[in-house]
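Structure record follows, encoded as structure tokens.
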Amino acid sequence: MEKIRKPRGTMDIMTPDVYIWNHIEDTVRDVARRFGFGEIRTPTFEELGLFHRGVGETTDVVQKEMYTFEDKEGRVFALRPEGTASVVRAVLENGKCSDTMPLKLFYLISCFRYEKPQAGRSREFYQFGTEMFGAADPSADFTVIALADTIIKELGIKDVALHINSIGCPHCRPAYRARLISYFEENEDKLCETCRQRLHTNPLRVLDCKNETCAKLAAEAPTTVDNLCPECADHMTALRRYLDAAGIAYTVDPHIVRGLDYYTRTVFEFIAGGIGAQSTVCGGGRYDGLMEQLGGPSMPGIGFGMGLTRLILAMEQSGVTPPAAPRPEVYLAPMGDAAKAVALTVTQNLRAKGIYAECDIMSRSLKAQMKYADKIGARRTLILGDSEIESGKAQLRNMENGTQKEISLTDAAEILLGEINA
């Protein structure tokens with residue numbers, strides 16, 4: 001019978017690889033907590049219209065990459081391709097717009113896009129994201145960028161560059177958009193097919209096309225930062241002042257436009273060297289009109305997304321040592337059925353006290369048990385036979401230095417806790 005295999009573009013994450021995932025998740029949760037962000041969890045699928053309105057009809061995500069399905073009542077849903085639209089919907093639906101502002105949220109989710117699988121890009125991908133609502137001041141932009149910067153540094157990732165840009169607002173962007181279209185129309189015959197199709201629907205996306213000819217044309221195109229209204233220019237100037245004061249290095253990059261329609265003003269990316277084409281480990285920006293677009297009040301917002309797989313690639317490139325598998329504090333080796341019952345009881349008592357303990361459940365010989373205890377890296381062993389059961393005492397052996405001492409089985413948990421915490 002043919003084996004059933006995982007869908008293309010998905011991953012099985014197993015021991016010991018899962019420990020680096022746990023490490024990243026623990027780190028981002030801790031940093032988010034220090035910045036005052038609380039966790040939110042949203043459904044894996046939403047009504048298709050949410051992403052059409054929230055992400056943008058003209059984006060590649062909506063036009064080409066979403067997984068959609070029809071339920072038994074004929075309603076059309078989509079697996080979430082990103083996190084922001086769902087969070088905005090949840091904030092609106094649950095009446096959080098009346099909460100004390102700013103409202104600061106984070107999430108760890110899986111997202112789905114139909115793309116060509118390659119290093120750093122899969123069809124089901126895992127993302128850490130943050131969203132902040134209610135704060136229009138550029139200090140909010142600084143806060144989310146500083147949060148991302150802190151995570152990257154605490155994960156030990158090196159050779160990462162912060163690129164920032166401003167893509168303007170609804171007041172100054174129409175004039176810039178017209179200038180951009182006019183510029184590219186003069187060279188339309190040189191654009192790739194995709195850029196010709198998006199020129200009049202989403203011309204900003206032409207700026208970050210990876211086609212060599214398009215990239216050369218984009219290098220000479222009018223820039224957003226040179227076509228900002230006074231308010232957007234002041235916003236960008238203030239953000240740069242805050243980053244400079246904090247010592248967070250950055251490059252103003254006019255080609256950072258991001259791929260989703262909801263962005264306004266600040267957009268940014270953290271780009272890692274040495275990990276190939278998918279080098280953006282974090283990307284985000286401001287989306288001050290998205291709440292209104294989804295039927296809510298006028299409320300500014302800003303956030304980012306971090307791909308966990310790309311963080312792992314960047315950590316490997318930086319020489320970060322993956323976290324080791326946890327080691328049992330003690331391995332109990334029973335000899336005989338009567339001893340096994342006692343050993344299992346002692347093991348359960350140890351685990352109830354928060355101690356990582358293992359006990360033989362394979363009916364191995366004592367010699368095989370000792371080999372197994374060594375293989376899993378047990379720090380101590382406790383051998384239980386008839387004499388130990390009768391006396392209620394056993395020899396606790398330290399596997400790291402070879403010392404041993406007699407302990408009471410009744411007090412084993414307290415004795416081990418004392419050693420662990422010493």
Between helix 173-185 and the chain, what is the angle of the helix's C-alpha long axis to the longest principal axis, kept within 0 to 90° and rounded to the nearest 10? 80
Return, ordered by residue number, the residues of the stretch 245-278 whose backbone nitrogen is under 17 Å from a label point located 7 Å along Cα→Cβ of residue 161. 248-258, 268-278
For helix 308-317, what angle does its Cα long axis make with the longest principal axis of the chain, in degrees from 0 to 90 and rounded to 10? 80
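Just round it to a whole percent: the fraction of Cα-Cα distances in the stretch 1-63 exceeding 12 Å.
Numbers: 1583 of 1953 pairs.
Tail of P(r) above 12 Å: 81 percent of Cα pairs.
Using the structure shown, select from 116/216; 104/158; 190/216; 340/393; 6/116; 6/64 the pairs with a Cα to Cα distance greater than 18 angstrom. Could the numbers behind the result be given before it?
Working: 116/216 25 Å; 104/158 28 Å; 190/216 10 Å; 340/393 15 Å; 6/116 16 Å; 6/64 22 Å.
116/216; 104/158; 6/64, as the Cα separations exceed 18 Å there.
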Gaussian network model of the chain, Cα within-10 Å springs - most flexible of 245, 341, 146: 341
What length, rounded to one decimal in nm, is gained on full extension from residue 99 through to residue 10, with 0.36 nm per residue of separation minus their alpha-carbon distance? 28.2 nm
Could you identify which residue out of 150, 100, 44 has the top mean-square fluctuation in a GNM of the chain using Cα springs shorter than 10 Å? 100
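Please compute one quarter of the surface area of the Cα convex hull for the chain and express it in square nanometres. All intermediate terms of the calculation are to be shown ahead of the outcome.
Working: hull surface 113.2 nm².
It is 28.3 nm².
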If I take R0 = 35 Å and measure r between the Cβ atoms of residue 210 and residue 67 in this structure, what FRET efficiency does the formula 1/(1 + (r/R0)^6) give, to the nearest 0.05? 0.90
Mind checking the alpha-carbon convex hull of the stretch 35-164 and giving the volume per residue in Å³? 144
Mean-square fluctuation check for the chain, GNM, Cα pairs under 10 Å: which of 64, 216, 353 is largest? 353
How many angstrom lie between the Cα centre of the stretch 78-103 and the Cα centre of the stretch 158-190? 28
Separation of the residue 30 and residue 92 label points, Cα + 7 Å toward Cβ, nm: 3.8
Relative to the longest principal Cα axis of the chain, at what angle does helix 18-34 sit, 0 to 90 degrees, rounded to 10? 60
Please state, rounded to one decimal and in Å, the Kirkwood hydrodynamic radius that the stretch 330-421 gives when every pair of distinct Cα atoms enters the mean of 1/r. 12.9
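Charges at C-beta only: +1 for Lys and Arg, -1 for Asp and Glu. How large is the resulting dipole of the chain about its Cα centre, in Debye rounded to 20? Walk me through the numbers on the way to the answer.
Details: 50 positive and 57 negative charges, 131 e Å.
Dipole magnitude for the chain comes out near 640 debye.
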Going toward the positive end of the dipole of the chain, with +1 on Lys and Arg Cβ and -1 on Asp and Glu Cβ, which of 120, 236, 152 do you reach last? 120
Which percent, nearest 5, of DSSP beta bridges in the chain are antiparallel? 80
In the chain, with Lys and Arg counted as +1 and Asp and Glu as -1 at Cβ, which of these residues, 203, 321, 88, has the Cα nearest the positive end of the dipole, that is, farthest along it? 321
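Rounded to the nearest 500, what is the chain's calculated 222 nm mean residue ellipticity when only DSSP H runs of at least 4 contribute -39500 (n - 2.57) each, over all residues?
Values: 14 runs with 151 residues, N = 422.
Here the helix-only value at 222 nm equals -11000 deg cm²/dmol.
None of the figures in this text is laboratory data; all of them are computed from the coordinates on show. The structure displayed is predicted, hence computed values, not measured ones. Methodologically, a virtual Cβ is constructed for each residue, glycine included, from the backbone with ideal geometry; neighbour enumeration extends over all protein chains shown.
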